[in-house]
Structure formats: structure tokens, C-alpha cells
Amino acid sequence: MTIRTTLLLLTGVLALALIVAVGGQLVAQANARFEAQRLYAHDALRGKLTLLASRLGEERGRAFVMLRSASTSEEFVGRWRAARAEVDRAFEAALAESGQRQGLLSRPEAIRATLAAAADVLHALREDVDEARGAGDEPRRRRLSNRWFDTVTDVIASIGSLRLSLLQDAPLQDTALATESRLRRALGLMGEHMGRIRARLAAADGAASAAESRALDEVVRDLGAATLALDLTDERQISGLRPGVADATIAVRKEFDGVFKPAALALLNALRAGDRRPVTGESWFEAATRSIAVVDDAQRTLLRSSEGRLRDLEAAGQRLMTMWAGLLIAGLLASAGVMLIVRRRVIEPIEELSAAMLRLAENDLDVKLPRPKRRDEIGAMQTAFRTFKANAMQRQRLQRERDTLNESLARAYAQLRRDLEAAAAIQVALLPPNGRLGPLRHVGLFRPSSVVAGDSYNVIRRPNGAVAFFQIDVAGHGAPAALVSVASQNALAQAALGRHGDASLAVLAKGINSDWPDELPYFTMVFGEVDPVNGEGRLVQAGHPAPLIVSRDGSRRTVGEGGLPVGMISEADYDEATFRLEEGERLILYSDGLTEAEDAQGRPFDEQLPALIRRHANADAEQLLEAIDEEVRRWRGSDDLDDDLTVLVIERTTDREVA
């Protein structure tokens, strides 16, 4: 390599290294600033959604109490109207926020569509509430009150899911921000369960009825859930946070433990004992609202703190970006100056010597060689050809090494592919074949998004004659999720076969959850059993989509009320839901890979599923699954999936069909 090339290369490399280093820092700071803006946009929208959920909770409770009560005060009605207006404003604020920052949000159109759909559901239900308030049909009002409460609760849950998806789209790396985010989630759960308690206790009449007893049982569960959420805000969580945040969180604990919970327990015990209410429904509602306001104040304090931290991150990124931009300009000017000096003082003299050497190499003996002034320069010119040849040989050797390495990599990839395909075959072999257990037929659809899947299911006949079933969905994709899927399938199968008598499925699920290793990813599941003789069944839902029971006429109903995924919170409790599978009815279990399959516009498949099931209500279970598979492929526009898709259909046939 000549001195000319060396100097040019060295100077160029140094200049390029300077530009790359400084430019890389500039790009990194620009990305950091953009990321801070994106985090701020997601956090701001989550704050709007938190406020919306709180406002919905108050409107839900006040409307529920009015529908349940024979009469309510004008003041209470006025506050209900004010709460309704607050909900509308909160919807508008959330939609405006998503539109204003859509360039920074991951899925702005999906977010706006979800909010718009929730608003449409709410407005349609409000019309029924307004109509029922003017009517004197008390049974109708009570039926509507339950539908109102459950539907608005579902809307609040969908908003909570939207908040969680926003957090997943823009995870917080800063420790303090992540801690504040966890506190906000805990306070949001706590506020929602307190809101349910507020409404149910305010509307309770103390009647000795099954419905009233179930409502009070729900209060107990909500009180336990609120207490569990409060435990997530202990001193270890708030240590190191800003004083205002810590004070607000402590105020929530004091309000809940010292005011809300004792009052709720006192009222609950009085209602269960059939005693006279210590306070009126409206008085209790307003007192509970004041306690929930403390939670809302803490949420606002956390939002302000997070906003301040994110603004600080953005400002720091802007400052660093300005500094690195200045350094880049200075580096460019310095590089240009160095290049100019090197060319005039070093390169041009060497070029003259190089030209003379080339003429001599062409046998131009008339050339007058300049007198060498530097021995190293002359030596470099003399060894030029040897250097070129050595470089060519080195390039050839490197190419052979690269070819050998590429062949080795290709063989390794082929072996890995064969191993994965073998694992996939084993995974499919673990699934139960379509078949019949007495009057119960079971048919499954299994489509991995990769070679192997994190989804699985099974149908097992227990020694007592009952048919146990489960479906699981491990977080993640590919081989890691598949390995965990096999482990979880084995655990559930052993639990189903080893369970004694009518032991509670909820207790069984809690035991599996508490024993699940922390280092393994969590998974969602539906775990249940059904009596093939009378169709009586029960199940536990752990973060999995709610199963559907579909009749021959196409009508459907859901079973289960959610629950946390297994392995997410070791202390989580689970509820056991009961159902009855009539002759001709189907129990359909499916993973979120079905409902969340998106088309080219990013729209999920969940809105298409009810109509699809209704159209094929009288078709064979196999035909139904074929229709689901074909419709998902058509909806996706390809055979590829972003997530594993699993559907299990359990059908109770008639005696004639069994014969």
C-alpha cells in the first residue's frame, strides 16, 4: 500500500470515524428525544384513559343505583347527569389526544376505533336507561340495571386493556417511571373494584334472595381484589419516588384501610344479617365517592410526576442533540482543514514520485527519477507489486473461508429446521385426536404462527366419568413458548387426572399459579370439566378469552369473568364459573390468536367471529372449524399468522346422535 493511499485512507478514516462517532451520538440523541416524545404521547393518552375509566365508573354506579331504587333525590340525579357529561368530555379528550399525537402512537387508528366502539355501546345503552327511568316497570328496570352494570364494566375493562397495550407498545425503561406506571395500574384496579363495591352496596336492599346474595358475594370478591391491588402500593414500591407521589399513595392506603374498607364491611355485614342499613344507599354512595376521589387524586399526582419526568427526558435529549450537532459541524470543518493540509504538504509530492515510478515500470528508461528524500517512500514503491499480490492472495483465502463458513451455517440451519419440524410433529401428537367421550364430541383446530407453537389443548376423561378439558396460550412465540407449552400441558393434565372428587378448580388453579417458576413466562388458560350425562360443568379462566356456549339457533353466551394469567402474580386468586351444556349446544374455547388476527388495515377479527359462528350454528363442528380457518385466512389475506391460533369445540350430542 502506497504512502499516498495510506495517508488518504488514514485521514479519511479518521475524519469518517469522527463523523460516524459524532453523527452516531447525534442520531442516538435524536432517537432518544423522539422516544421520550413517544413515551410522553403514550403516557398522556393512558392518563386520559385512566380518567375516562374513573368517570365511567361513577356514571355506571349512579345509573345502577337509580335503576335499582324506587326513588332518588334530585341532587343524586343531578350528579348522575354531571357524571354522564364528564364521561362524554373524557371520551372527547381521549379521542382528541389520540388524534393530536397519532404520529407518535403505535396504533392510532385501532385506538380510535376502540374508543369509538366503546362510546357507541355506551350511548345505545344510555337510551335504554333514559327510557326505563320514565317507566314504572320495576322488573324491567332491574333487568336493565344488571345489563347496564355488566356492559359498562366490560367497556371499562376494554379501556384497561387499551391502557395495557399502550404500555406494551412503549415500555418504560426508567426505573422511577416504571415504578410510577405500576402504581398507576394498581390504583386503577383498586379504583375500579371500589367503584363496583360502591354501586352494589348502594343498590343492595337486604332482601333474602339468591340474586342479592350473589351481589353481596361479588362485593366480597371486589373488596379482596381492591385489597390485593392496595398491597402492590407498599412502601417498597414508593421508596425513592417524589415526596408528593409517596404522600398521595400513603393517603390512599389510609383512606382505604381507615375509612372505605371498615365502612364497606359494616354495611355488608348489616345487609347479610338482615339488619337495618346503617346509612342510606345515596349516603353510602357519596361517602364511597369521596374515598375513590382520594384514589383519583393519587392517580393525577402520579400522572403529573410521570409527565414531569418525561418532559425532563425530552429536554435532556434536546440539549444533548444540540451539543452533538455543534460538535459534528466542528468536526466536519476540522476534517476538511486536515484533508487540505495533507494533500498540499504530503500527497502532491508523493504523487510526483509515484508517477515517475510507474513510468519506470513501463520500461520508460528516459524518465528522470527524483532523488529520494525519504527511504521509506522508495521502499514502499519497490514493494508495491508484492503487496498487491499478497493482498490478492489474502482476499482469495478469505473468500474460501467465507464460503466454507456459509456452507457450515447452511448445514446448521437445515439441521435446526429439521429439529424444529420434529418438535412440531411431537407437539401435534400430544394434542387429542378428534373424537367422542360418551355424548360429548370434541374437535380441535391448531395453527401455529411458526414451526412450533405456544398454544395447546387437551380433553381427558377423569376416573369419575367427568370430562376434563383445558386450553393454554403461553406468552411469546417459537421454540421457547412451545417448550413452556409442553410443560404447562403436562402440569394441567396431571392436575386433571390427579384431582380428588369435586375439589375446587379455583384452588387447583391457584396452586398451579403459586408453584409456577418465576423464570418461566406466564400463560393464559381455560381449565374446566363437564359431566357428559347431565351437561353440568365448571371452569376457571386465567387471562384467557372467555369461552362461548353456542346453541343450535345461533344464540351464544360467555362463561367466566377473566382472571390473571398463570405465572404473572403468584398470590393471585381465581374464580370458578359454572355452566350447563344442553343437548345440541357447543362449548367453544379459543386463543387470542383468533380474535386478534388482523387484516391489512390492522383490524382485529373479533368482530367477525359472532356472525361466523351464527352462520354455522347448525353445521358440523368440523365444518365450523374449517369455516373459521378459511375466514381467518381470507381476513388476513395470507396463510401467515402473527400469533398461534387454537380452537377447541366440545359438543353435547343428543341420545339419537350417540346411537
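The values are calculated or read from the model by the stated rules, or taken from the named source; none is laboratory data. Predicted model only: the values in this text are computed from it and were never measured. Here the Cβ is made from the backbone with ideal geometry for all residues, glycine too, and neighbour counts use every protein chain on show.
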Just for the range 614-631: of the residues that are aliphatic (A, V, I, L, M), in contact with a Leu (Cβ under 7 Å, 6 or more places away or on another chain) and crowded, with 16+ Cβ neighbours inside 10 Å, which one is nearest to Arg586 (Cα to Cα)? Leu625
Per the filter on the range 602-613, residues over 24 Å from the mean Cα position of the chain (by Cα) and surrounded by 13 or more Cβ atoms within 10 Å (Cβ to Cβ) are Leu612, Ile613
Give the residue, chosen from Thr595, Thr578, that is surrounded by 15 or more Cβ atoms within 10 Å (Cβ to Cβ), in the same structural domain as Asn458 (by TED's automatic domain parsing) and in contact (Cβ under 8 Å) with a residue 24 or more places away in the chain. Thr595
For Trp80, work out the one condition from (1) modelled with pLDDT under 90; (2) part of a helix (DSSP H, G or I) it doesn't fulfil. (1)
Note: among Ser98, Ser71, just one is hydroxyl-bearing (Ser, Thr, Tyr) and surrounded by fewer than 23 Cβ atoms within 10 Å (Cβ to Cβ), namely Ser71
Return only the number of the condition from (1) exposed (fewer than 13 other Cβ atoms within 10 Å of the Cβ); (2) without any contact (Cβ under 8 Å) to a residue 24 or more places away in the chain; (3) not hydroxyl-bearing (Ser, Thr, Tyr) that Gly274 does not satisfy. (2)
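Results for (1) surrounded by 17 or more Cβ atoms within 10 Å (Cβ to Cβ); (2) touching a helix residue (DSSP H, G or I) at 6+ places or on another chain (Cβ under 6 Å), shown as yes or no for each residue.
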| residue | (1), (2) |
| --- | --- |
| Asp247 | no, no |
| Ala266 | no, no |
| Val279 | no, no |
| Thr289 | yes, no |
| Val295 | yes, yes |
Would the range 582-591 turn up any residue that is among the aliphatic types (A, V, I, L, M) and either part of a loop (DSSP other than H, G, I, E, B) or touching a Ser or Thr at 6+ places or on another chain (Cβ under 6 Å) (or both)? no
Considering only residues that are of a type in the set (S, T, N, Q) and surrounded by 18 or more Cβ atoms within 10 Å (Cβ to Cβ), look in the range 172-191 and name the one that is farthest from Glu58 (Cα to Cα). Thr179
I need the full set of residues from the range 336-382 which are exposed (fewer than 12 other Cβ atoms within 10 Å of the Cβ), part of a loop (DSSP other than H, G, I, E, B) and at pLDDT below 70, in order please. Asn363, Asp364, Leu365, Leu369, Arg371, Lys373
Out of everything in the range 632-659 that is surrounded by 15 or more Cβ atoms within 10 Å (Cβ to Cβ) and of a type in the set (Val, Ile, Thr), what residue ends up being nearest to Val474 (Cα to Cα)? Thr646
In the range 522-545, residues that are surrounded by fewer than 17 Cβ atoms within 10 Å (Cβ to Cβ) and either under 29 Å from the mean Cα position of the chain (by Cα) or charged (D, E, K, R) (or both) total 1
Which one is surrounded by the fewest Cβ atoms within 10 Å (Cβ to Cβ), of the residues in the range 74-95 that are closer than 18 Å to Ala119 by Cβ and among the charged types (D, E, K, R)? Arg81
What residue, of Arg242, Arg182, is of a type outside the set (A, V, I, L, M), in contact with a helix residue (DSSP H, G or I) (Cβ under 6 Å, 6 or more places away or on another chain) and within 30 Å of Leu104 (Cα to Cα)? Arg242
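Conditions (1) touching a strand residue (DSSP E or B) at 6+ places or on another chain (Cβ under 9 Å); (2) under 16 Å from Asp473 (Cβ atoms); (3) among the hydroxyl-bearing types (Ser, Thr, Tyr); (4) not in a loop (DSSP other than H, G, I, E, B), marked per residue:
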{"residue": "Ala546", "(1), (2), (3), (4)": "yes, yes, no, no"}
{"residue": "Met568", "(1), (2), (3), (4)": "yes, yes, no, no"}
{"residue": "Thr578", "(1), (2), (3), (4)": "yes, no, yes, yes"}
{"residue": "Gly593", "(1), (2), (3), (4)": "yes, yes, no, yes"}
{"residue": "Arg614", "(1), (2), (3), (4)": "yes, no, no, yes"}
{"residue": "Ala619", "(1), (2), (3), (4)": "no, no, no, no"}
